[in-house]
Amino acid sequence: MTSSTEATASHVHVAVIGSGFAGIAMAIRLLGDGERDFVVFERASDVGGTWRDNTYPGCACDVPSNLYSFSFAPYPDWSRRYAPQTEILAYLRDVARRFGVLPHVRFSHEVRTATWDDAEGIWRLETSGGPWTATFVVSGQGPLSTPKWPDLPGLHDFGGELMHSARWNHAYDLAGKRVAVIGTGASAIQFVPAIQPRVAHLTVFQRSAPWIVPRGDRAFTSNERRAFRSLPITQRLSRAAIFLKHERDGLGFWEPRLEPYVRSIAARHLKAQVRDASLRAKLTPNYRIGCKRILVSDDYYPALQQPNVSLVTEPIERVTKGGVVTANGTLHEVDAMLCGTGFEVATMPFARLFRGKDGRTLAQTWASGPEAYLGTTVANFPNLFLLLGPNVLLGHNSVLYMMEAQVAYVAACLQHARREHLQAFDVRPEAQRTYNDALQARFERSAWSARHCASWYLDEHGRNVTLWPDFALSFRRRLRAFDPAAYQWRLRVRPYAPREARRSSKT
Ligand code: NAP
């Protein structure tokens, strides 16, 4: 590290990266614990993370909002059971403002590299807004932040409008256009019904059929909203009931004997909504239910059956200037191509940023697959916490529950370090190993094993590196008590003092 960088860097006790749900939750917890010496780096000019970036028509949560919200910030005014993206984003902005997070956010500060300085026991961060140092770093960069484009030959030669669901171009008017949709995942099944009435023709290219269960969305009545506001216990009970139902549903993922029951719910939904047997056959998945994310929709199948929609299951061979060519040689001419092809999840792109104790990046360390201790800390990467890191996402319940458990764990670790005058921690490799061996063994019987299908839950070696294979409750139980014995610690000899006068973030 050059002395000029050191001279100009501002130092903070904690640097949080990202201001989506995870970064905001962490900041609120730090404030609640009396910590003021922290910043939240945000590359964009607004908070919200994936809920800021995903603005495609029909974008909404597929977990009911009474559960998909912070436990400490209930919101009685959700308009519907499943809130639309605009409301979730407004909620996040409001929570960030109300809890005093905004003064700590450095907008337009993209963290480009973060390098552990072992001699000083600090992280050195290069951001688009200049260099910083931090004693602790919390990554809240989220699994759904880097859009994944389909690997189709000729994709970027396409002469019409090409967009990804996570980067929707609202300036482009789809009215009266011939439109191709690539992908039939959680995003596509939301925007297909939303745009179908407007377009001239919609061709949906399906590589694998998704399993879909009924959504049962509806607007909350004014009486319900009044009850949530004046008797908060009613909303808490609703939240608890939804959570426990999702926990129960989880059994279907790791208990093969329950699979026929779960499958029958989705099969009945398909049969009720699609009368045409040949279309039904195309829409019937050929893999164990739950292996890919189970989707929740009441309007996708009806949209597919409208006269201006065709479903193509023939594999795509290539994209040309004028459209999409399938393996049987047919050219589907279109004006626009919409890719609902998901995100780089298993590769965890944020791992390229961090360089640890041994000089290797986290991406290099994870060359044979990402893993962490409790999904939160990684051996050789001292004083770094990952929120929604490896094996923390859920296939059956709200991921915010997991994230809040992690935030509490991080807070407990920071308190321990402060109390015991510790400068740095590093998780013991053997603790990380034992934890991951036990975790991976649980996938064997589950729907998420690579035996059943290829999904974005798996890394290139077929290992599930994204999901927690158990009840959400058991994750929280596991993280409830902070376990200092799992870590190597370094005593603080003297507080880190940068050469320049400190430009602290104190408010
Ligand atoms: P996704 O679930 O990863 O789905 C991607 C789709 O694109 C799949 O159907 C995939 O087919 C297809 N695909 C990918 N590459 C292709 C190619 N080269 N040719 C043809 N098809 C291709 O992505 P997503 O729908 O954006 O959802 C990602 C995740 O975001 C979800 O699982 C969920 O966690 C989250 N999400 C949540 C909500 C919510 O309401 N909370 C809403 C949207 C998204 P294969 O199945 O064959 O790979």
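The values are calculated or read from the model by the stated rules, or taken from the named source; none is laboratory data. Fair warning: this is a prediction, and the values are worked out from it, not measured in the lab. We place every Cβ from the backbone using ideal geometry, glycine too, and count neighbours over all the protein chains shown. These accessible areas exclude ligands, DNA and RNA; they are computed on the full protein's heavy atoms, side chains included. Shrake-Rupley method; radii C 1.70, N 1.55, O 1.52, S 1.80 Å.
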Test of understanding: among L362, L353, L304, which residue is assigned by TED's automatic domain parsing to the domain that holds E42 and either of a type in the set (S, T, N, Q) or out of contact with any helix residue (DSSP H, G or I) (no Cβ under 6 Å at 6 or more places or on another chain) (or both)?
L353
Within segment 159-184, the residues that are part of a loop (DSSP other than H, G, I, E, B) and within 13 Å of the ligand (Cβ to nearest atom) are W168, G183, T184
Within segment 104-126, how many residues are surrounded by fewer than 21 Cβ atoms within 10 Å (Cβ to Cβ) and either of a type in the set (S, T, N, Q) or over 25 Å from the mean Cα position of the chain (by Cα) (or both)?
9
Return the residues of segment 285-327 that are modelled with pLDDT under 95, more than 12 Å from the ligand (Cβ to nearest atom) and touching a His at 6+ places or on another chain (Cβ under 7 Å); say none if nothing qualifies.
R288
Before we move on, is S65 modelled with pLDDT of 95 or more, within 16 Å of the ligand (Cβ to nearest atom) and open to solvent by less than 10 Å² (accessible area, probe 1.4 Å)?
yes
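Conditions (1) in contact (Cβ under 8 Å) with a residue 60 or more places away in the chain; (2) out of contact with any helix residue (DSSP H, G or I) (no Cβ under 8 Å at 6 or more places or on another chain), marked per residue:
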| residue | (1), (2) |
| --- | --- |
| W211 | yes, no |
| R218 | yes, yes |
| L231 | no, yes |
| A267 | no, yes |
| Q273 | no, no |
Might you check whether a residue that is of a type in the set (V, I, T), closer than 27 Å to D217 by Cβ, within 20 Å of the chain's Cα centre (by Cα) and surrounded by 20 or more Cβ atoms within 10 Å (Cβ to Cβ) occurs anywhere in segment 28-45?
no
For segment 333-348, check the following and say yes or no: at least one residue is within 16 Å of the ligand (Cβ to nearest atom), at pLDDT 95 or above and more than 21 Å from Y56 (Cα to Cα).
no
Of the residues that make up segment 3-19, is at least one open to solvent by 40 Å² or more (accessible area, probe 1.4 Å), closer than 23 Å to R229 by Cβ, free of Cβ contacts under 8 Å to residues at least 24 places away in the same chain and not assigned by TED's automatic domain parsing to the domain that holds V410?
no
Mind telling me which of the residues F443, F482, F471 ends up being more than 16 Å from the ligand (Cβ to nearest atom) and open to solvent by less than 20 Å² (accessible area, probe 1.4 Å)?
F443
Does I242 meet the test of being surrounded by 13 or more Cβ atoms within 10 Å (Cβ to Cβ) and away from the ligand (no atom under 16 Å from the Cβ)?
no
Conditions (1) more than 27 Å from the chain's Cα centre (by Cα); (2) crowded, with 20+ Cβ neighbours inside 10 Å: number failed by L338:
(1)
Hey, can you tell me all the residues within segment 146-159 that are of a type outside the set (D, E, K, R) and surrounded by fewer than 19 Cβ atoms within 10 Å (Cβ to Cβ)?
T146, P147, W149, P150, P153, G154, L155, H156, G159
Test: A44 is more than 16 Å from the ligand (Cβ to nearest atom), free of Cβ contacts under 8 Å to residues at least 12 places away in the same chain, in a loop (DSSP other than H, G, I, E, B) and out of contact with any Phe, Trp or Tyr (no Cβ under 6 Å at 6 or more places or on another chain):
no
Please identify the pairs in which a residue from segment 447-464 that is within 17 Å of R257 (Cα to Cα) has its Cβ atom under 8 Å from the Cβ atom of a residue that is part of a loop (DSSP other than H, G, I, E, B) and β-branched (V, I, T), counting only partners at least 6 apart or on another chain.
A447/I289
Scan segment 11-33 and give yes if some residue there is within 14 Å of the ligand (Cβ to nearest atom), touching a helix residue (DSSP H, G or I) at 6+ places or on another chain (Cβ under 7 Å) and within 18 Å of M403 (Cα to Cα), otherwise no.
yes
Scanning segment 185-214 residue by residue, those more than 10 Å from the ligand (Cβ to nearest atom) and of a type in the set (K, R) turn out to be R198
